[in-house]
Each structure stands twice: as structure tokens, then as C-alpha cells.
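Okay, so here's the structure we're looking at.
The values are calculated or read from the model by the stated rules, or taken from the named source; none is laboratory data. Everything numeric here is computed off the predicted structure, so don't read it as measured data. Don't worry about glycine lacking a Cβ; one is built from the backbone with ideal geometry, like all the others, and counts go over all protein chains shown. We work out accessible area using only protein heavy atoms, side chains counted, and drop any ligands, DNA or RNA first. Shrake-Rupley method; radii C 1.70, N 1.55, O 1.52, S 1.80 Å.
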Amino acid sequence: MLQPVIGLEVHAQLLTRTKIFCGCSTAFGAPPNTQVCPVCLGLPGALPALNRAVVELAVRAGKAFACRIAGRSVWSRKNYFYPDLPKGYQITQFDLPICAGGAVDVPGLRKVQLTRIHLEEDAGKSVHAEGGSEVDLNRSGVPLIEIVGEPVLRSSEEASEYLKALRLALVYLGVNDGNLEEGSFRCDANVSVHEPSAKLGTRVELKNINSFRFVRQAIDYEIARQVAALGRGERIIQETRLYDHEKNETRAMRSKEEANDYRYFPEPDLPPLVVSPAWIDAVQVPRLPNEITAGLLAAGVAPADARTIVGDPRLAALHARLGDPRRAAHFIVGELSRALNDREVNLDALAFEPAQVAEAWALQDAGTISSTGLKEVLAELIRTGKPPAQTVLERGLAQVQDLAALDAVVDAVLARYPSEAGKYQAGKKTLLGFLVGAAMKELKGKGNPSALNALFRARLGG
Amino acid sequence: MAIDRAQVRHVARLARLRLSAAEEELYAAQLGAVLGYLERLAAVDVSSVEPLSFAGDEGSSLREDVARSGLSREQALAAAPQHDAQAFVVPRIIE
Amino acid sequence: MVSGLGEVAAGLSKGALQPSELLEACLTRIAALDDKLHAFLRLTERTARAAAKAADLRRAARQPLSAIDGVPIALKDNFCMEGVETTCGSRILQGYVPPYDATAVARLEAAGAVIVGKLNMDEFAMGSSTENSAFGPTRNPWDLSRTPGGSSGGSAAAVAAGLVPGALGTDTGGSIRQPASLCGCVGLKPTYGRVSRYGVIAFASSLDQVGPLAPDVQGVALLLQSIAGQDERDQTSSARPVPSYGELLEKSVRGLTIGVPKELFAEGLDGQVERAVRAAMARLEEDGCTLKPISLPNAPHAIAAYYLVATAEASSNLARYDGVRFGHRAQADSLLEMYQATRAEGFGAEVKRRIMLGTYALSAGYYDAYYLRAQKVRTLIRRDFEQAFAAGVDAVVSPTCPTTAFRLGEKSGEPLAMYLSDVYTVPANLAGLPGISVPCGFDQGGLPIGVQLVGRPFDEGTLLRLARAAERGREQRTPEGF
């Protein structure tokens, strides 16, 4: 039985304001060639000037994944010609990367070991048309970390789980925005198959995989292709293949036919990168998703709810600010999720303050509003940010809690429905709801239901 | 050290230089002569010597992550042999 | 004709000279004489006149920006200057107008210097004779049948012929010092990292350094003062403070120790050159310096290490000339053809030769044997100097070049012979050390000879002091017809 072996290389764009070697903006979506300067255009004479924040974020990721952080790492040039590579070389790290080793914790799987994390610059973008190709260099020089995982994944599902866990961790770290559609989190996969008793098979590199679904499809296709080829007695060629998600197939890249000889050598325009122990110590690492999940479970939040909350860092951040973990979880997976489904709320610009949710809870705790009233108050709060007390007032949600007033209504109901009262006393206990309902109707819905329940029971003898 | 025309062709391809047959011939001879001279380095004992790839001061100060204005698109494209007012244009890239 | 940049600065300071008059005098001389030399590739008369006018006002108000406010300066054509064509001596950059200034240019302008124009050079600074310029060779003012050296041949010829009182050049393996020596002017290659390389078109990044040329040591000191210092755009530039070179210049050389390396007075050295250099050494001894025999055992490997490191870096630095964003593009239907034809048409023979050599040295299977080994030899060469300095040597003396200026075409068919003429200058680049060439006499044919001094890292001050002493006793001549 042939066993697949998969290793993933992830390119994650670092969340900096400016590019790795120049002061141009990294913002996505600007018109072509409007975020460029002599450095990222590769003009004659221009030199790279390393951005401090890039180093900071790489160290943060390295610490979070327990990598060894190099006190001195070296920049290298990877030489090749391509129209979107302005200098004719990419500045990257080769034999002395900033981070080595480490592992990513994948829930439900295991720790997936990392080979290394290194810093590099992104290339520009080419758009291919009939008459020629257009080159936009806004992305040229955008900072990336390449996270190279050990080839230890055994299936496309494992690969996908690993990627999801890695992406979420990077988002929590504030290192990457996790946006696959905009290309700020990209993945190449190295796939081979072998008999478990034999040594590893020839690996094929898959490029251009830009969604979790495509990762699974591309890997599955490639495993099947290799198994079939070996079954026919063919040999697997070490090559780079492009995944075409429209046809759901991989095909060899023509431009890579020529054996690559990148002629790496140390980048003479940049001194070696020196990161002092004091600097490494000073880099703060936010809590990772698995730590936050463990905290929620310990506080009694249901596992499914914890998954939902931690799955979106914005929900987790909100949860942390709401107080009472279980009640907050219910609020998030309840009212807030409903509002999100109904597109009544924007998680990036909430209309309310977390403290206002606590105000609404306090109104219920004091008996001022019922649980139904609370739902209404919260829905309004989420939608408009209106203070809970104001909603209670405007909508008349406050309950009648004056026992004398309630008692009078109870008297009136019992007088109007003597036969129902009698049947209740004879044992038909379900009629209590009818009686309370009638009283509520009398009170226009503002009676405190538990107080009414107690009054009826007392009057009718249990 | 001799270097043959096939090697010259391979290197020229890596460097994206089109060479005429005469140039291939000439460079094979000239590079062979220069490489022959450079062979003398093989005799130097460099065991336990670290390479010197950077001759300056290490630990230079880094750039703060602050945006600065670059070039306008007109400036960026001004020197391009071919552009369409938005992007640089090259012969169609085949992947 | 002006005799030295120091005198020019003094004249401006006293009000005896006006920047605009000075500029017009330079422009007149260039118009009259540069046809013979071909030192200039282009003039920037319009902006220069405006800059000189502004300097006139500052000088009249006695509020100069610096000691060189109003001094006309010319630039080797590898310095980017916004709005001014910059070719680096190459057809591939013909017509290229950079949208930004090199830091050294911006600093010169901030000091009030008047940029007069751009000077000829070997294509991409690859050469020792300025014959590799795509725009025709420059000639030596001392003998028009001879080369001015290179690659900053235009800079040295213009200064030596008195067309401008100062110029900037770049030095990767001797490209300032060698032409200064062959043209009879002073040329300084500062310590690696002393002057920003931002905006200077690269040849070999770990070796390139910007430096001044002037008729006099004081002029070189004044120019260095205005361009030296850290630049945030070049992270290989050093944060070390820049001393006041003018003050250091005036200190006595008494008590300084000068190392005399036997390896740099060895075979291949012309007898007349050696005599002139030794005479300069004797003058320094009279001034109170001690001459101390030393050894730089790895210096004989310098040329081999240099040509591997320099060409490897160049092969990568020159990859950006691909016809996509600027410069020449050949007509072609496919991308590959476009690259290959553009570069074949745009680069000259020597540049192609070096790109080939450097690509080969970095390619799979050869990296360790060539590039890596060369970088290790570089460490050994630097160690040799460090040991000499540790033993109390303040500067190492040698000839700048093994011979005086050679004839045009004399070495152009033999790349290796041309490479070997850099034998004395290359070690300072490999070790990142400052070096200066000062005129010290003439051969029987009346061609100038230069003496080289190489100092400790960032100790340009001591070099300038010694150079000042060395220039005092020398015979002063002017090239005939200039």
C-alpha cells in the first residue's frame, strides 16, 4: 500500500505598514504601480533598507512556535529572471535563516514539526493577456515569512488541518491577516508516495494553491496521479506542477523545465541581521488559539461553543471582554451569531461596548426584565448600540414586580376562570401556564412570570 | 582550466545573454585563460577560515516601519520601453 | 586655470572668486579642451548656472552652506541624479533618466557644490582604461595617445586637465586610485561604509565605494567631508562619527609608522615607478615617519579573489538590466528572446565577459571552489593588514600602479593583462580599507606616477595627513596644452 508524504511551505505576508526594504505601503488593492519607489522597482543604484517591524514579527512567530531564534542570520540572493522580479534576484534567507526548528500544535492531530522560518521579499504580479503580460510591482518587496514544515503529513485532510491551525495561530499572533483570497497566506505542497518500508519517493512541488478546499483537491489529485503512474511502472519526475482548480488537475510548468540554478550567495547590500538576546526577550507573544480554547473549557464553556469563539479572533477578543465566560459564550453563539447570520452586525465595527452587554444582564438579574425582554434588549443593542435601559424604557419592557398589584390581577383571573382553577386543583397542573398567560395578558406582558407562578400556586394550594 | 562551448552556452543561458558562435568561441578561450589564472587559489590553505562576505560594520540600525512617499505611477513607468499607462508590458509570459 | 580645490575654496571664502565666474571659467575650458579628452559625457549647464547663482548670493552674504559652497564638481556617470541622463557608460542605459538623486549627490548639493556634468567611465565601472565606455574612450591629458586609466578615467582626466577642481568617482578594485595615479591627481577610496552607495549604480556591492578626486589632498579632504557619514538608505554605511578632516590634515606626520610590504614591490614593477615611490617614502621619512618592512603574504592572491568576488556580485547586480522597467529593450516575440537579445545588444564585450565569469563562479557545482574560496582568501588578506596594524603600522605604502599610463588599445585584447594592472589597489577593496593615491613624480616620458597609502578602517584622517606631507615635496607640472 503506497503511503503519501506531504510537506507544506507557507508564505505568509507580515502585517507591517511598509515593505520589507523600503517605505512603500503594503496596502492591498491599490491601482497598479502606485505603491512603488526606486528600491522596489529595482532601479539602478537603489539599495534595500531593512524594516525593523519585519524582524519583530518573524521573531514573534518564531517564539510562538518554539523555534530557535538565530542571533545572527544572513540575507542571500536567489537569482532568476522573471518580469515581476525587478532586480533579477529575490532577497531571501538561505543557509542561515532567522528561525530554525519548532512545531505547530494542530488540534485533533499532533504537533507538526517545522524545518525553519525565514524572511524574504515578495515579487510583483503579472497578468497574462493575449498581446502581452502586464506587470504590477505594488506587491514587489512586500514582507513574507516562509514557514517550511517537515514532510510528516499523511493525507490531504491532515494537510488542511495543519494549514488551518497555522493560519489561525498567525492571525492570533498579529503576524498575518489570514486572507487567502488576497494572497496574503499562500501554500505550496511537496507531495510524494512510497511503500512505508522503502525510502521516500520522488517529490513533486505543487504551486498556486489558494484555498483550503483546493489544497485537499490538489493533493488528492497528485497522490492519485503518482499512484497511477507508479502502477503503470512509470517513474515520478521531480518537477514543479501547477494546480488548475477549474479542471481539478495538476500539470507541469513549462517555464520551469530548465533545471533551476538559483546561484544563491550572501546579499552584499545588507549586513548580517543581528538580533540581540535582549531584543528577542522583549518581543511579546500573544496567547495562541489552543491556550485560549483550554481556558474556555476550564471555565465551563461547551467545546462546540469554544470552537466557534476561538475560530474567529474577533469573537475571542470580544468574549474576553464580556466577563462571565459561560454567559458570554451563550451571548456570542446565540444572539450575536444570529445577528451575524442576518447580516445585522459588522464584527470589525461593533455598534456596542462589551460593558453594555453586562448592563443588560444586570437588568435581568434584578428582575427588571424577563428572559424574553433580555433577548429583545440584546438584539437592539447589537443592532444599534442603544443603551439597554433606554430600550427597556422605550419598549416598556420593565416587569410589574409590585406583589399587591399582581395579587389583584390573580384575583381577577381566578374570578374569570373558575372552572380552570378547579381543574388545576383537581390535578391538571398544566393549566398553570394558561392562568399565568391570562394574567400576563391582563398586565400587557409586563408581569414578572416567576412572581405570578408563585402567587397562583400559593392561592390554589401547590 | 579548459571550458568548452557547451559550458559557455549553459552559462550564457543562465545569464540571459545571446551569444554568436564567434562569441562562444572567444569566451570559451578567454574564460578558460582567466579560470586558469584563478586556479591558483586552490593552493591557498583556507581550512578553518571563515569567508568574508561583508567588510563593513555589523549591527547597523534598521528602518522604522513608517511610510514614505515613493514615485508616482507616471514616474515609475516613465523609463519603461513599453507600458500601457498602468503597468509595464512584456511579451506574453508562458507558465 | 585653477590649481587646487583647496585654493578655490579659499578664494571663494575671501570673496576673490565668485561661484558663477568660476563655473563659467570651467565651462569655457571644457568647451575648449574636452574635445581632445572626451572626459565629459554630458554637461548640466542650466541647473549648474542656477546653482551657481544661488551660491553667489550665499557667498556675497557670507552665509555659505559649507567650505565647498559654489565649487564646480563633476560626477562619474554612475551617480544617479534626478532628471539627468545617467548611463554608467553603457548602451543599455542610454537615454535613462533616473527619478531620484544618489545620497552623495544630494549631500554635495546640500553643501552648495555646483554639479557641472557627468563623466566618462568604463561600462559599469568594469575596466582599467575607460576604453570600455560605450561612448568612446577618454584620453590622458599628459599624452593623448594614452588611456587615463579607469574606470573613473573621465573623473581623473577632467581633474588633471583642470576642467573642474574636483570630481566624484567610485572604486571597486582601484577605479579611483589607478586613474588618479595615471593622470597625476589625488584620489581617495574611503573605508567601505564611510560614504553611502545609495543611488550609485552598483558593480560589486561588497567592494564598491564612492570617493573624491582633486588636484590636491586638501580638496579631496573637503569633498570627503561633505559626502561621508551614515545614510539610512544604505545599511552598509557606518554609524561611526565623521571627524573633521581639515583639522587632521594639518597635524604633523612625525612619529607615524609606514609599513613597506615586500609583496607590493615585487616583480612586474616598473623601475621608474619604483624610484619615484621610494623617493616619496624617503621624503616621508625626512618628515619624521618610520619605514617598517612588513609582509602581506596573501596579497599575491588578491587579483584572483577579486575577480571572482567582483564578477559574481556583478552577474547578479546586472540582472536588473532586462528591458522591462528602464533602459534598452530589443525587439522580440518571446520573453526569453527579449531578455537574451536585450542584454546581448545592450552590454559591451567586457561586461558580458564578467557576467559570464561571475555566473559561472556562482553556478551549481562551482560555488565552493570559486566564490566561497575567494571569500575565504579575502579573510586572509584582511588578516594580513590587521596584523600589520596591530604591530604599530599606521599606513601601508606601495605604488598605486605597476606602470605609468599605457597606450589606448595596448591591453584591450588581453583581459587578463588588464586585470593584473590592478594588483596594488585590489587588496584595499577586498579588506574594506581606505586607500589614497598621491602624485609623487614623473617618468622619463613625462607621465605621472602615484604613490598609494592604505590605512586602518575609518582612519582616512591619517591617510590624508600622510598624503598631504607626500604631496608637499613633489615636482609640480601641468600637462602641456591644458
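The table below gives the values:
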| quantity | calculated |
| --- | --- |
| Cα centroid of segment C:216-244 to Cα centroid of segment A:281-309, whole Å | 54 |
| Dipole-positive endmost among A:S370, B:L52, C:P415 within the protein assembly as shown (Cβ charges, Cα centre) | A:S370 |
| Gain on full stretching of the segment that runs from A:R457 to A:S337 - 0.36 nm per residue minus C-alpha separation | 39.4 nm |
| Cβ-derived FRET efficiency at R0 41 Å, C:T257 paired with C:L144, nearest 0.05 | 0.50 |
| Dipole in debye (nearest 20) - segment C:109-197, about Cα centre, beta carbon charges: Lys, Arg +1; Asp, Glu -1 | 180 |
| Cα-Cα over 21 Å, subset of A:K164/A:K207; A:K78/A:K111; A:K87/C:K352; A:K19/A:K207; A:K375/A:K446; A:K111/A:K164 | A:K78/A:K111; A:K19/A:K207 |
| For the protein assembly as shown, convex hull volume per residue from C-alpha positions, Å³ | 228 |
| For segment A:183-214 versus segment C:119-134, the gap between their alpha-carbon centres in whole angstrom | 50 |
| Average partner coverage of C:374-381, which counts Cβ from other chains inside 10 Å | 6 |
| Virtual spin-label span in nm between A:M1 and A:E234, 7 Å along Cα→Cβ | 2.5 |
| For C:G413, net neighbour charge (Lys/Arg +1, Asp/Glu -1) across residues whose Cβ lies under 13 Å away | -1 |
| Global geometry of segment A:351-397, whether rounded, prolate or oblate, following the gyration tensor of its Cα atoms and the 1.5 cut on a/c | oblate |
| Among C:L464, C:G450, C:A341 the positive-end extreme of the charge dipole of chain C (Cβ point charges) | C:L464 |
| Rounded Å value of the spacing that divides the Cα centres of segment A:37-84 and segment A:14-35 | 14 |
| Antiparallel %, DSSP beta bridges [both residues in segment A:3-282], to 5 | 95 |
| Cα-based equivalent ellipsoid of segment A:169-232: semi-axis lengths in Å, sorted from largest, via gyration tensor | 30, 13, 8 |
| Isolated Cys residues of chain A, judged by Cβ distance under 4.7 Å to other cysteines | A:C22, A:C24, A:C37, A:C40, A:C187 |
| Average Cα contact separation per residue, chain B, under 8 Å, 6 or more apart, as relative contact order % | 20 |
| Relative contact order (%) - segment C:233-370, alpha-carbon pairs under 8 angstrom, separation at least six | 22 |
| A:Y162 - accessible surface, heavy atoms, 1.4 Å probe, Å² rounded to 10 | 0 |
| Length-normalised contact order for chain C - Cα pairs under 8 Å, 6+ apart - percent | 18 |
| Alpha carbon Rg of chain C, scaled by the compact-globule rule 2.2 N^0.38 Å | 0.91 |
| Spin-label zone in segment C:275-317 - amide nitrogen under 14 Å from a point set 7 Å from the Cα of B:D45 along the C-beta vector | C:298 |
| Rounded to the nearest 10 Å², the accessible area of C:R146 at probe 1.4 Å | 40 |
| Cα→Cβ-extended label distance, 7 Å offset, between C:E21 and A:A27, nm | 5.5 |
| Proximal charge balance of A:S160 [Cβ under 13 Å; K/R count +1, D/E count -1] | +1 |
| Leading residue at positive end of dipole, chain C (Cβ point charges), from C:A364, C:P399, C:L144 | C:P399 |
| Average silhouette area of segment C:100-166, convex hull of alpha-carbon atoms, in square nanometres | 5.0 |
| Net charge contributed by nearby residues that have their C-beta within less than 12 Å of C:S155 (K/R +1, D/E -1) | 0 |
| Extension gain from A:D95 to A:E150, taking 0.36 nm per residue of separation minus the Cα-Cα distance | 18.1 nm |
| Reachable aspartates and glutamates from C:K118, criterion Cα separation under 12 angstrom, eight or more residues apart if same chain | C:E45, C:D77, C:E85 |
| Förster radius 22 Å - calculated FRET efficiency between A:A294 and A:N179, Cβ distance, rounded to 0.05 | 0.25 |
| Distance histogram for segment A:403-460 (every C-alpha pair counted, 10 angstrom bins, percent rounded to whole numbers) | 26, 62, 12 |
| C:E480 versus A:R68: modelled label distance in nm, points set 7 Å from Cα along the beta carbon direction | 7.1 |
| Helix-only [θ]222 nm of the protein assembly as shown, DSSP H runs n ≥ 4, -39500 (n - 2.57) each, per residue, nearest 500 | -11500 deg cm²/dmol |
| Chain B: most fluctuating residue of B:V44, B:V66, B:V11 per GNM, C-alpha cutoff 10 Å | B:V66 |
